[in-house]
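What follows is one structure encoded as structure tokens, with my remarks underneath.
The values are calculated or read from the model by the stated rules, or taken from the named source; none is laboratory data. This one's a predicted model, so the numbers in the text were calculated from it and none came from an experiment. Because the Cβ atoms are built from the backbone with ideal geometry, glycine has one as well, and the counts that use them run over all protein chains shown.
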Amino acid sequence: MVVLQKSENIARAKRVIHMRRRMDDRNIIVDVGVVDEVNENVTIDNTLWYAQDKYARLNNYIIVHAFYTKRSGESDILAKRVNSTFFIFFRKNKYVELIRRLIKYRRKILLVQINTFPKPWLELPIVLISKLLGLKVVDFVHNVYDFKMILKSKILRLIAEVYYRYLYFSLVDAVFFCTNYQRKLYTFVRKPTFVFPFGVDINVFKPSDKKISHNKLKILYAGVISPHKKIHEIVEALADGNLKNRVFFMFAGKIFDIRYFHYLTNLLEKEGIEYAYYGYVPIKRLVELYNEADVFINLRPDEAFGKVFIEAMACGTPVIGRVGAPGPEEVIINGKNGFKVKDASELRKILIYLLNNRGRMSILGKFAHEFVVKHYTYEHSYTILKRAYDSLLMKA
């Protein structure tokens, strides 16, 4: 056992040494993020990573994803290469290692992108060191953060707002957002801003032979099981006497709050609503669920983007989101590819309408798929990232 562990450590060390040699040859774009744990089987499986990797490959650069892990692993650092991208996982108590590498490779680094907002203890040291080294820094705001909801103390809220308004965002060279609607919420940012839409792989997320059921309306929620997702409001809408016996509620995703999960299942059973929970599902099964569903719903009020909306629409499934949420406001054209509702009461009315107008769903689904193909593919996302990076790196 000891011999095996020793050989694995030697193999990891050799990979790191090999990567260092390769990284000395080309210029680097560093992307900093936080993940739950080390993933030795990491692949380029999302839009941003795809776009960054393609940009690096076509420009003979390297993308280095430097991840702080929330949980400790067996080794301090794990490194893996995929295409033109290097993934480096730092154990949670090794924050200084990234800064040391920024200093070491400062002459090769073109850009540092930070995806940790709002974590001042991580982002501020990186920004300060990067600026001292003369490096360009951009921040990607992936979520909408209302400090009134996050911080109970008025003093802490004031400190946070002053920090971001007058210090942090004044230090970075540019800011990325997920939607134009989200960008409008950050009008105090005085640096260049870019909107990066999270497209999907339309070769994976695509319609199957969807058959509209004439029995129960199949409703899907996919995402983490947590109170901030407002799944209970979907259930409350379904509890209406005109709906509860005519719908089938499907939900899937990782359970973040077990008490909330039990609250949901108890409520569903109390109201006599037929349902199925599928747990955390792989991509293949998720695509199947999107295609099985008649409509997809996510009522989170501060959803910055919600890639699940795009995934569902790519599969030809109409979607329902919340009025005022940045993601739904950007991607849902009311009455064309889905609907936007204010609350459970409006959701109830829309679902009754769909039940009484089954043919409408196929029209909505067809438009939804065409909308994604036109605006939210991997290649569309790459084109926008290229334009932004070229501008930041002053490329013609």
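Of all strands (runs of 3 or more DSSP E) completely enclosed by region 274-350, which ones contain at least 2 residues that are more than 21 Å from K366 (Cβ to Cβ)?
Values: elements: 274-277, 295-297, 319-322, 338-341.
Output list reads 274-277.
For region 314-343, name all the residues that are of a type in the set (G, A, S), surrounded by 19 or more Cβ atoms within 10 Å (Cβ to Cβ) and over 18 Å from the mean Cα position of the chain (by Cα).
Residues of region 314-343 of a type in the set (G, A, S): 314, 316, 321, 324-325, 327, 335, 338.
Add one more test, that the residue is surrounded by 19 or more Cβ atoms within 10 Å (Cβ to Cβ), and what stays is 314, 316, 321, 325, 327, 338.
G316, G338 - these are the residues of region 314-343 that are of a type in the set (G, A, S), surrounded by 19 or more Cβ atoms within 10 Å (Cβ to Cβ) and over 18 Å from the mean Cα position of the chain (by Cα).
Give region 167-207 a look and list any residue that's over 14 Å from the mean Cα position of the chain (by Cα) and of a type in the set (F, W, Y), or say none.
Y168, F169, Y181, Y186, F188, F194, F205
Can you tell me how many residues within region 166-187 are of a type in the set (A, V, I, L, M) and in a loop (DSSP other than H, G, I, E, B)?
Applying the first criterion (of a type in the set (A, V, I, L, M)) to region 166-187 yields 167, 171-172, 174-175, 185.
Filter once more, so that each one left must be in a loop (DSSP other than H, G, I, E, B): 172, 185.
Final tally of qualifying residues: 2.
Take the residues in region 136-159 that are modelled with pLDDT of 80 or more and closer than 15 Å to N115 by Cβ; name whichever of them is farthest from the chain's Cα centre (by Cα).
Across region 136-159, the extreme among qualifying residues is V137.
Could you look through region 160-184, keep only residues that are aliphatic (A, V, I, L, M) and surrounded by 17 or more Cβ atoms within 10 Å (Cβ to Cβ), and pick out the one that is modelled with the lowest pLDDT? Break it down stepwise before answering.
Filtering region 160-184 for residues aliphatic (A, V, I, L, M) gives 160, 162, 167, 171-172, 174-175.
Those still in the list that are surrounded by 17 or more Cβ atoms within 10 Å (Cβ to Cβ) too: 160, 172, 174-175.
On the way: A160: 82, V172: 95, A174: 95, V175: 95.
Taking the candidates together, the pick is A160.
Go over the candidates E346, E288, E311 one by one and state the one that is closer than 17 Å to G223 by Cα, at pLDDT 95 or above and surrounded by fewer than 20 Cβ atoms within 10 Å (Cβ to Cβ). Even if it seems obvious, please write down each step before you answer.
Working: E346 fails: closer than 17 Å to G223 by Cα; E311 fails: surrounded by fewer than 20 Cβ atoms within 10 Å (Cβ to Cβ).
Among E346, E288, E311, only E288 is closer than 17 Å to G223 by Cα, at pLDDT 95 or above and surrounded by fewer than 20 Cβ atoms within 10 Å (Cβ to Cβ).
Looking only at region 128-140, filter to residues that are out of contact with any Asp or Glu (no Cβ under 8 Å at 6 or more places or on another chain) and outside any loop (DSSP other than H, G, I, E, B); which one of those is nearest to D390 (Cα to Cα)? It would help to see each step written out before you state the result.
Here is the first cut: in region 128-140, the ones out of contact with any Asp or Glu (no Cβ under 8 Å at 6 or more places or on another chain) are 128-135, 140.
Imposing the further condition that a residue be outside any loop (DSSP other than H, G, I, E, B) reduces the set to 128-132, 140.
Values: L128: 24, I129: 23, S130: 20, K131: 20, L132: 23, F140: 16 Å.
Per the criteria, the residue is F140.
How many residues are of a type in the set (D, E) and in a helix (DSSP H, G or I) when one looks only at region 241-273?
Looking only at region 241-273, we keep the residues that are of a type in the set (D, E), and these are 257, 269, 271.
Filter once more, keeping what is in a helix (DSSP H, G or I): 269, 271.
Result for region 241-273: 2.
Does F371 meet the test of being in a helix (DSSP H, G or I) and closer than 24 Å to E236 by Cα?
Numbers: in a helix (DSSP H, G or I): yes; closer than 24 Å to E236 by Cα: no.
No.
Taking region 280-296, which residues are of a type in the set (V, I, T) and in contact with an Asp or Glu (Cβ under 9 Å, 6 or more places away or on another chain)?
If the condition is that a residue be of a type in the set (V, I, T) and in contact with an Asp or Glu (Cβ under 9 Å, 6 or more places away or on another chain), then V281, I283, V287 are the ones that fit.
Rundown of residues vs (1) in contact with a strand residue (DSSP E or B) (Cβ under 7 Å, 6 or more places away or on another chain); (2) outside the structural domain of F87 (by TED's automatic domain parsing); (3) farther than 18 Å from P197 by Cα, yes/no style:
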residue: K108; (1), (2), (3): yes, no, yes
residue: V112; (1), (2), (3): yes, no, yes
residue: I129; (1), (2), (3): no, no, yes
residue: V137; (1), (2), (3): yes, no, yes
residue: Y168; (1), (2), (3): no, no, yes
residue: D173; (1), (2), (3): yes, no, yes
residue: F177; (1), (2), (3): yes, no, no
residue: Y181; (1), (2), (3): no, no, no
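Identify, please: which residue in region 80-127 is among the polar types (S, T, N, Q) and crowded, with 16+ Cβ neighbours inside 10 Å and is, among those, nearest to S391 (Cα to Cα)?
First, the residues of region 80-127 that are among the polar types (S, T, N, Q): 83-85, 93, 113, 115-116.
So of that shortlist, the ones also crowded, with 16+ Cβ neighbours inside 10 Å come out as 84-85, 113, 115-116.
Working: S84: 21, T85: 21, Q113: 14, N115: 20, T116: 23 Å.
Step by step, filter region 80-127, then rank; the result is Q113.
Across region 100-114, which residue is modelled with the lowest pLDDT among those that are over 16 Å from H65 (Cβ atoms) and not in a loop (DSSP other than H, G, I, E, B)?
It comes out as R100.
Suppose we filter region 224-269 for residues that are in contact with a helix residue (DSSP H, G or I) (Cβ under 8 Å, 6 or more places away or on another chain), over 23 Å from V281 (Cα atoms) and surrounded by fewer than 15 Cβ atoms within 10 Å (Cβ to Cβ); how many remain?
Count: 1.
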